[in-house]
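Participant: Have a look at the structure that comes next, please.
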Amino acid sequence: MTAVRTTSANESTNHEQPETFPFDTGWDLHEHVQVRPERFGALLYHYGDRRLSFVKSPELRTALELLAASPTARLALSNAGIPEAAHPAHGRALSTLATTNMIVQRQREDHTP
Amino acid sequence: MTTSTDERHTTPTLIDHFEQGLDAPICMTWELTYSCNLACVHCLSSSGRRDPRELTTEQCKGVIDTLASMGVFYVNIGGGEPTIRSDFWEIVDYAVNNGVGVKFSTNGSNLNAERAKQLAESDYIDVQISLDGATREINDAVRGPGSFDTAITAMENLAEAGFEGFKISVVMTRENVDQLDAFDALAQKYSAQLRITRLRPAGRGADVWDQLHPTANQQRELYDWLVANGERVLTGDSFFHLNAYGEALPGLNLCGAGRVVCLIDPIGDVYACPFTIHDEFLAGNVLDAGGFRAVWQESDLFTSLREPQSGGACESCSAYDSCRGGCMAAKFFTGLPLDGPDPECVKGNAEDLLGNVDSTTTPRPSLDHSRPAAAMTYTPVSITAKPPLAAVAEPRVAPSRSCDESPLAGFARDAHA
């Protein structure tokens, strides 16, 4: 089960998602996205394109809230209490959120002093 | 609290959660004024004259503070014609600055080129232009002389300003169902998105319902068009009664009234949905102790709407799981029982019932702000001219803005089940 549904009606025919979500890179919520906690998980709303997404797991919501402070998406999932075995399923959810621009891959930080 | 669906699932589905209500609405409508420069024959809020009790600027800001604290993403502002309020832009700015997005509905009369440019600059403001005919003739018969030209001018201004994806909002009537492709072409021409919603017998809509609601054949035509094109248009999830034809339309197939949807009217009264301005569906007022939050979370009316609803006679119908008995407001204002079929039931189950309704006793709106002097009588347009489609040229762009008056618009059924 994928833990995300979005209001995009053509989602089911979108084949642009990568096979595997790039867990080991940093991710952020899009700056125009707001998260509203709900009993079932969360509602995500993107002010840029007025798209609403439903996150169907409180753990994934926690992971999304931890994204910005986590060096990698994998760490955000783990710190949200999501066991390794469940990462692939959540990766599909994250891929959906990435496809709909709810989360964006963090630009590599410049570490030169 | 359980629903019939719970019996089949160990964990509640999203729809179960929505049926049981959320702590804050997802999509809500706020009508800022009953004042309007038009006098559309089907106005769902019977607007025209300002109500002296309308919320002050400060009271409106207080409502926005509450919505912001509840996590309401955005509000659909309407009226009346909301831009008539002298503090309209101040209220919009206040909402946006407090993290509450705004989509406002307008007839276009205050959208000049300069204003269009300002609006195009904000990600947090969306605009919806009302248009009920793809031609002047069809539109003006419902919305009044000059209203087509006003709307087109506003759309030109928005397009010129680079405001992509604004909405063209159409109430589907007997006169314009066969203009669907023409509306679609207009939307393309202005880089806008088409939004079509159902005519309800609410407000003055009750007066013209018999003349204007789509015929049975037109309902089928509309359904087929939505099956073919539904991914590109917004519907406010307002046609779920048509799901009984077969394949479900995009949407959640759920009456959101008092569960995920509500209306705040210009005097602060909170109703279950935009189409139920009647004491029967009045939950409270934003000026009551506890404000909007208490009305939404604790009112007796909304609590009862979040309990399992009986489908009554409809429960034995094979299509009940698809249409869920249809629209509460449509039933109420046509005098039908709320636990029976929708007046436009595609299985024809409402026909006998409607025949037995005493039209002198059907409920009337509790408030009527119509301007008697401006009253328009609807005269059917005898020749339904189809507009030329020559304007259609560019390839269609997939819509990027899916959330509508109902949050459930465009919801991908089974896409990620």
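Participant: What residue, of B:Ser35, B:Ser47, is at pLDDT 95 or above and in contact with a Phe, Trp or Tyr (Cβ under 6 Å, 6 or more places away or on another chain)? Write out each step before concluding.
Facilitator: Values: B:Ser35 fails: in contact with a Phe, Trp or Tyr (Cβ under 6 Å, 6 or more places away or on another chain).
Result of the check over B:Ser35, B:Ser47: B:Ser47.
Yes/no matrix, rows are residues, columns are (1) at pLDDT below 95; (2) hydroxyl-bearing (Ser, Thr, Tyr); (3) touching a Leu at 6+ places or on another chain (Cβ under 9 Å):
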residue	(1), (2), (3)
B:Phe281	no, no, yes
B:Ser304	no, yes, no
B:Gly312	yes, no, yes
B:Arg324	yes, no, yes
B:Ala330	no, no, yes
B:Gly340	yes, no, yes
B:Glu344	no, no, yes
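Participant: Only one of (1) more than 24 Å from B:Tyr34 (Cα to Cα); (2) buried (at least 17 other Cβ atoms within 10 Å of the Cβ); (3) without any contact (Cβ under 8 Å) to a residue 60 or more places away in the chain fails for B:Gly165. Which number is that?
Facilitator: Condition (3) is where B:Gly165 drops out.
Participant: Looking at segment B:68-115 only, could you name the residues that are small (Gly, Ala, Ser) and within 28 Å of B:Gln297 (Cβ to Cβ)?
Facilitator: Step one: of segment B:68-115, the residues small (Gly, Ala, Ser) are B:68-69, B:71, B:78-80, B:86, B:95, B:99, B:101, B:105, B:108-109, B:113.
B:Ala68, B:Ser69, B:Gly71, B:Gly78, B:Gly79, B:Gly80, B:Ala95, B:Gly99, B:Gly101, B:Ser105 - these are the residues of segment B:68-115 that are small (Gly, Ala, Ser) and within 28 Å of B:Gln297 (Cβ to Cβ).
Participant: Restricting the search to segment B:39-70, which residues are more than 18 Å from the chain's Cα centre (by Cα), under 30 Å from B:Val142 (Cα atoms) and of a type outside the set (D, E, K, R)? Quick ask: steps written out before the conclusion?
Facilitator: Within segment B:39-70, the subset more than 18 Å from the chain's Cα centre (by Cα) is B:48-70.
Next cut, under 30 Å from B:Val142 (Cα atoms) only: B:48-55.
The answer is B:Gly48, B:Pro52, B:Leu55.
Participant: Something else about it: On the given criteria, is A:Glu19 out of contact with any Lys or Arg (no Cβ under 7 Å at 6 or more places or on another chain), at pLDDT 90 or above and charged (D, E, K, R)? Even if it seems obvious, please write down each step before you answer.
Facilitator: Working: out of contact with any Lys or Arg (no Cβ under 7 Å at 6 or more places or on another chain): yes; at pLDDT 90 or above: no; charged (D, E, K, R): yes.
No.
Participant: Here's something else I'd like to know. Please work out which one of (1) touching a helix residue (DSSP H, G or I) at 6+ places or on another chain (Cβ under 7 Å); (2) part of a helix (DSSP H, G or I) is the condition B:Leu336 fails and give its number.
Facilitator: It is condition (2) that B:Leu336 fails.
Participant: For B:Arg364, state whether it is surrounded by fewer than 18 Cβ atoms within 10 Å (Cβ to Cβ), in contact (Cβ under 8 Å) with a residue 40 or more places away in the chain and outside any loop (DSSP other than H, G, I, E, B). Before you say what the answer is, go through the steps one by one.
Facilitator: Values: surrounded by fewer than 18 Cβ atoms within 10 Å (Cβ to Cβ): yes; in contact (Cβ under 8 Å) with a residue 40 or more places away in the chain: yes; outside any loop (DSSP other than H, G, I, E, B): no.
No.
Participant: If you go through segment B:231-244 one residue at a time, how many are within 12 Å of chain A (Cβ to nearest Cβ) and surrounded by 20 or more Cβ atoms within 10 Å (Cβ to Cβ)?
Facilitator: We begin by selecting, within segment B:231-244, every residue within 12 Å of chain A (Cβ to nearest Cβ); these are B:231-235, B:237.
After this cut, where a residue has to be surrounded by 20 or more Cβ atoms within 10 Å (Cβ to Cβ) as well, the list is B:233-235, B:237.
Adding up the residues that qualify gives 4.
Participant: Also: Can you report the number of residues in segment B:218-271 which are farther than 28 Å from B:Val295 by Cα, among the aromatic types (Phe, Trp, Tyr) and within 19 Å of the chain's Cα centre (by Cα)? Before the answer, list the steps.
Facilitator: Taking segment B:218-271 and keeping what is farther than 28 Å from B:Val295 by Cα, we get B:218-234, B:241-250.
Restricting the remaining residues to those that are among the aromatic types (Phe, Trp, Tyr) gives B:223, B:225, B:245.
Okay, now just the ones that are also within 19 Å of the chain's Cα centre (by Cα), so B:223.
Going through segment B:218-271 one residue at a time, the tally reaches 1.
Participant: Can you confirm whether B:Gly62 is at pLDDT 95 or above, of a type outside the set (Asp, Glu) and in a loop (DSSP other than H, G, I, E, B)? Let's see the steps before the verdict.
Facilitator: Working: at pLDDT 95 or above: yes; of a type outside the set (Asp, Glu): yes; in a loop (DSSP other than H, G, I, E, B): no.
Spelling it out, it is not the case that B:Gly62 is at pLDDT 95 or above, of a type outside the set (Asp, Glu) and in a loop (DSSP other than H, G, I, E, B).
Participant: Which residues, taken from segment A:45-62, are more than 7 Å from chain B (Cβ to nearest Cβ) and either within 19 Å of B:Asp126 (Cα to Cα) or under 11 Å from the mean Cα position of the chain (by Cα) (or both)?
Facilitator: Filtering segment A:45-62 down to residues more than 7 Å from chain B (Cβ to nearest Cβ) leaves A:46, A:53, A:55, A:57-62.
The answer is A:His46, A:Ser53, A:Val55, A:Leu60, A:Arg61, A:Thr62.
Participant: Tally time: how many residues in segment B:182-192 are of a type outside the set (A, V, I, L, M) and under 12 Å from B:Arg232 (Cβ atoms)? Can you show your working first?
Facilitator: Filtering segment B:182-192 down to residues of a type outside the set (A, V, I, L, M) leaves B:183-184, B:188-191.
From what is left, the residues that are under 12 Å from B:Arg232 (Cβ atoms) are B:183-184, B:188.
Residues that pass the stated criteria total 3.
Participant: Within segment A:50-98, which residues are free of Cβ contacts under 8 Å to residues at least 40 places away in the same chain and buried (at least 24 other Cβ atoms within 10 Å of the Cβ)?
Facilitator: Listed by number, the residues that qualify are A:Arg50, A:Ala63, A:Leu64.
Participant: Kindly provide the set of residues from segment B:189-214 that are touching a residue at least 12 places away in the same chain (Cβ under 8 Å) and either part of a helix (DSSP H, G or I) or touching a Lys or Arg at 6+ places or on another chain (Cβ under 6 Å) (or both), ordered by number.
Facilitator: Our first condition is that a residue be touching a residue at least 12 places away in the same chain (Cβ under 8 Å); within segment B:189-214, this holds for B:189-209, B:211-214.
Of everything in segment B:189-214, those that are touching a residue at least 12 places away in the same chain (Cβ under 8 Å) and either part of a helix (DSSP H, G or I) or touching a Lys or Arg at 6+ places or on another chain (Cβ under 6 Å) (or both) turn out to be B:Lys189, B:Gln193, B:Arg195, B:Gly205, B:Ala206, B:Asp207, B:Val208, B:Trp209, B:Gln211, B:Leu212, B:Pro214.
Participant: Collect the residues in segment A:36-48 that are surrounded by 18 or more Cβ atoms within 10 Å (Cβ to Cβ) and within 21 Å of B:Lys103 (Cα to Cα), keeping them in residue-number order. Walk me through how you get there before you give the answer.
Facilitator: Initial filter on segment A:36-48 (surrounded by 18 or more Cβ atoms within 10 Å (Cβ to Cβ)): A:36, A:38, A:40-47.
Those that are surrounded by 18 or more Cβ atoms within 10 Å (Cβ to Cβ) and within 21 Å of B:Lys103 (Cα to Cα): A:Arg36, A:Leu43, A:Leu44, A:Tyr45, A:His46, A:Tyr47.
Participant: So A:Thr99 ticks every box in (1) under 30 Å from B:Gly236 (Cα atoms); (2) in contact with a strand residue (DSSP E or B) (Cβ under 6 Å, 6 or more places away or on another chain); (3) modelled with pLDDT under 95 but one. Which box is left unticked?
Facilitator: Of everything listed in (1) under 30 Å from B:Gly236 (Cα atoms); (2) in contact with a strand residue (DSSP E or B) (Cβ under 6 Å, 6 or more places away or on another chain); (3) modelled with pLDDT under 95, A:Thr99 misses just condition (2).
The values are calculated or read from the model by the stated rules, or taken from the named source; none is laboratory data. It should be emphasised that the depicted structure is a prediction, and the values quoted were computed from it without experimental measurement. Neighbour counts are summed over all protein chains in view; Cβ atoms, including those assigned to glycine, are modelled from backbone coordinates with ideal geometry.
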